[in-house]
1. Specify the inter-centroid distance of region 245-312 and region 326-361, based on alpha-carbon positions, in whole Å.
2. Return the calculated 222 nm mean residue ellipticity for the chain, to the nearest 500 deg cm²/dmol, obtained by summing -39500 (n - 2.57) across DSSP H runs with n ≥ 4 and dividing by the residue count.
3. Identify which of W27, W154, W280 has the largest mean-square fluctuation in a Gaussian network model of the chain, with springs joining Cα atoms closer than 10 Å.
4. Using a Gaussian network model on the chain with a 10 Å cutoff between Cα atoms, which of I315, I91, I35 fluctuates the most?
5. Assuming R0 = 30 Å, what is the FRET efficiency of K89 and I62, from their Cβ-Cβ distance, to the nearest 0.05?
6. Show which lysines lie in cross-link reach of K335 when reach means a straight Cα distance below 22 angstrom and same-chain residues fewer than eight apart are skipped.
7. Give the dimensionless ratio obtained when the Cα radius of gyration of region 34-184 is divided by 2.2 N^0.38 Å.
8. Relative to the longest principal axis of the C-alpha atoms of the chain, give the angle of the C-alpha long axis of helix 303-322, reported between 0 and 90° and rounded to the nearest 10°.
Amino acid sequence: MAFNIYDLTSFNQSIDKFLYDNLPSFWAMIVEMTIIGVAFLLFYAVIGLFLVYAERKVCAFIQNRVGPNRVGPYGIFQTIADFIKLLMKEIIPIRKADQFLFNLAPFIVIIASFMAIAAIPFGLGLHAIDLNIGIFYVMAVSSLGVIGVLLAGWSSNNKYSLIGAMRSGAQIVSYELSVGLSMVTIVVLAGSMQLSEIVEAQRNGWFIFTGHVPAFIAFIIFMIASTAETNRGPFDLAEAESELTAGFHTEYSGIKFAFFFLAEYMNMFIVASIATTLFWGGWMPLHIGGWEGFNHVMDIIPPFFWYMGKTLVVIFLMMWFKWTFPRLRIDQLLKLEWKYLLPVNLFNLILMALVVLMKWHF
């Protein structure tokens with residue numbers, strides 16, 4: 001197909017061969033890991049800054065406001081100015097905090113998101129690691145972030161931080177079940193846990209369209225549960241400003257606060273990326289049966305653009321979701337998961353297994 005011209009696999013293999021031919025194996029591996037690490041750091045920073053700016057503009061649009069419009073054209077440098085301010089801000093020492101755990105917590109949160117993003121396929125041959133248990137890996141490493149949240153709340157020696165951490169822990173652990181089950185529903189449909197194979201299985205149609213009703217239900221549940229898992233509104237009980245000031249990161253300032261702030265937006269990007277990969281075909285173009293001219297035009301668009309476009313649409317849905325609905329109470333939050341989403345998810349998983357067994361999918 002036409003979009004195979006964008007396959008970067010042979011390019012990556014040539015770099016790998018060049019390094020191993022000219023360097024000892026150990027140093028070749030170190031150079032490769034350094035290149036990938038620097039690329040992810042730059043990507044992380046750019047996406048994080050862009051999403052902060054985008055959320056401010058989306059929020060302003062929904063609430064009929066202007067948004068950032070002073071620093072740079074359309075306020076595009078406002079987020080960069082805020083980032084510089086956070087870097088230069090004094091880190092306020094907390095006298096009775098557990099200093100080691102207090103300083104460790106932001107790194108755990110940000111490292112967990114780094115580990116998760118490594119397995120996501122951005123395009124043909126454009127992923128850091130392609131594990132045959134990619135879904136399981138993403139579920140495992142993304143759940144590590146709650147450890148950083150709990151440590152941040154407990155080590156701060158602040159009652160508001162502790163309550164925020166306890167809420168966040170209960171919320172994340174609860175909604176991980178629905179996120180995991182909705183992902184398993186797609187694993188049943190695709191017949192593989194490898195993310196690249198799941199994308200490849202959608203070559204002739206994205207699962208949101210070809211997976212019948214169970215795939216659509218799984219997508220809706222995934223969007224709700226993943227929004228809750230990332231502590232975003234209307235599920236941001238862990239950071240309820242009217243009750244808990246800033247929740248688990250109340251006592252953090254400067255660059256440490258920036259780590260939590262950036263990790264939240266990167267977790268949103270990761271969640272949207274997984275939704276794109278599992279339900280919207282990843283980097284696969286849109287094809288319509290019998291429309292050969294249309295399909296050929298779609299093939300010309302690079303896979304990375306397809307991937308980023310779909311991911312940004314999902315992110316917009318999450319932002320729209322946040323700025324439209326009021327915040328839930330903590331009892332309503334947990335009731336939604338345990339009394340509604342989880343039972344529906346379990347039934348939907350069985351339904352998907354039946355659809356696959358009877359070959360009712362498209």
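The values are calculated or read from the model by the stated rules, or taken from the named source; none is laboratory data. Just so it is clear, the structure is predicted and the values come from calculations on it, not from any experiment. Glycine gets a Cβ as well: all are built from the backbone with ideal geometry, and neighbour counts include every protein chain shown. Surface areas here come from the heavy atoms of the whole protein model, side chains and all, with no ligands, DNA or RNA. Shrake-Rupley method; radii C 1.70, N 1.55, O 1.52, S 1.80 Å.
1. 23 Å
2. Details: 16 runs with 244 residues, N = 362.
After summing the helix terms and dividing by the residues of the chain, the value is -22000 deg cm²/dmol.
3. Maximum among the listed residues: W27.
4. Maximum fluctuation in the GNM of the chain, among the listed residues, is at I35.
5. 0.55
6. Within reach: K322.
7. Details: Rg = 18.5 Å, N = 151, 2.2 N^0.38 = 14.8 Å.
Dividing the Cα radius of gyration by 2.2 N^0.38 Å gives 1.25.
8. The helix 303-322 is inclined about 40 degrees to the chain.
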